[in-house]
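Below is one structure, written out as structure tokens; comments come after it.
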Amino acid sequence: METPSIFDRGIEKVKNVVSEASVEQRGFIKAIARTCYDGWLQGWHEGNGGNLSYRMTPEETSACRSYFSETVGEWVGLGVRAVGLQNECFVVTAQGAQFRNVMLDPASCLGIVEVNPTGDAYRNVWGFKGGGQPTSEFTSHFINHSVRKAVTNGSCRIVYHAHPTSAIALGSVLQNDSKKLSRALWQSLAESILLLPEGIGATKRLAPGSIELAGATSELMEKTSSVLWPHHGVICSANDLDSALGLMHTIEKASAIYLQAAAAKRGASGPDMPTDADLRSVAEAFGVTLEEKYLG
Ligand code: 2HA
Ligand code: ZN
């Protein structure tokens, strides 16, 4: 191959700068960066902990397409086929990226991937500057998007994974049991009845980034937006960024309240918790129905 001239290299550099800036200025990229920083401020993203993905709208994809790299990455097989995600584009946090840095350098800490026409492979089309790649939990994000898109009639666009301290601790205290956890959240903070009437699911302890973890999570996500990964973190799904952050915040706050109340009551008869009848009446006031199998 002929060595590119200084002129060609100059043009290539300018194109890259334009492509970077043009996508970085989009509202959805700015909003993702802000959410990542908000999660960092909450203390949920130590090291490179946590990851986030956003399923772009067709309008956002067409507005950005002319800035996608001319030399797109190779197709990378996912080992799973996702229903309903063919040809979709996702913004994804990069493997090893720190949430506190996304706002400072979106083109390195984020990237855009495009799914192939059969829904079983992706390729990088923007970002991941410096040779990055999608988060190590991308398989989980991918299958969960597929499930949540189907059960929400296409409304769900966000999958967000964080390491919230109290939720992880609560999982440990309550044997990572979905029923005990759901009841503890509902009983501790009324907001969790409103945001999570279907309760929280919990997987077994499975290896981070594994296909087993992705599969177990997506099974639970058929029924709920939010799943606890024991001794690891929480993964939740929502229609938009504010709802995803709000959901994670509610789960974490309810967990903290439970743990604080239990600690304060140590030696006494345990926290004074609402009864099932109390929970049902809060749910009725909010106009939601609590998952029956977690009651009683
Ligand atoms: O390190 O949070 O689950 C990123 C993660 C893996
Ligand atoms: Zn994690």
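Every number in this text was worked out from the coordinates using simple rules, so none of it is lab data. All values reported here derive from a predicted model rather than from experimental measurement. Counting neighbours? That spans all protein chains shown, and the Cβs are built from the backbone with ideal geometry, glycine included.
Quick notes on this structure:
- For the pair residue 231 and residue 198 in one chain, pulling the backbone fully straight at 0.36 nm per residue adds 9.7 nm over the alpha carbon distance.
- Helical runs assigned H by DSSP (4 residues or longer) give the chain a calculated mean residue ellipticity at 222 nm of -14000 deg cm²/dmol, each run adding -39500 (n - 2.57) before division by the residue total.
- The chain: DSSP helices with Cα axial extent of at least 18 Å and average Kyte-Doolittle hydropathy no lower than 0.0: 27-42, 241-264
- FRET efficiency, 1/(1 + (r/R0)^6) with R0 45 Å, evaluated for residue 8 and residue 153 via beta carbons: 0.40
- As an equivalent ellipsoid, the chain spans semi-axes of 40, 19, 16 angstrom, where each value is the square root of five times an eigenvalue of the C-alpha gyration tensor, largest first.
- One decimal place: the segment residue 286-residue 173 gains 37.8 nm when fully extended, by the rule 0.36 nm per residue minus the C-alpha distance.
- In plain terms, the chain from residue 34 to residue 86 could stretch by 15.9 nm, reckoned as 0.36 nm per residue minus the Cα-Cα distance.
- Taking the range 92-215 as the region of interest, the number of lysine pairs whose Cα atoms are within less than 27 Å, with members eight or more places apart or on different chains, is 4.
- Distance between the range 80-100 and the range 15-52 - C-alpha centres, whole angstrom: 14
- When each of 41, 279 is scored by the number of other beta-carbon atoms lying within 10 Å, the sequence from fewest to most is 41, 279.
- The antiparallel fraction among DSSP beta bridges confined to the chain stands at about 95%.
- All-pairs alpha carbon distance profile, the range 44-141, 5 Å steps from 0, percent: 3, 14, 24, 26, 19, 10, 3, 0
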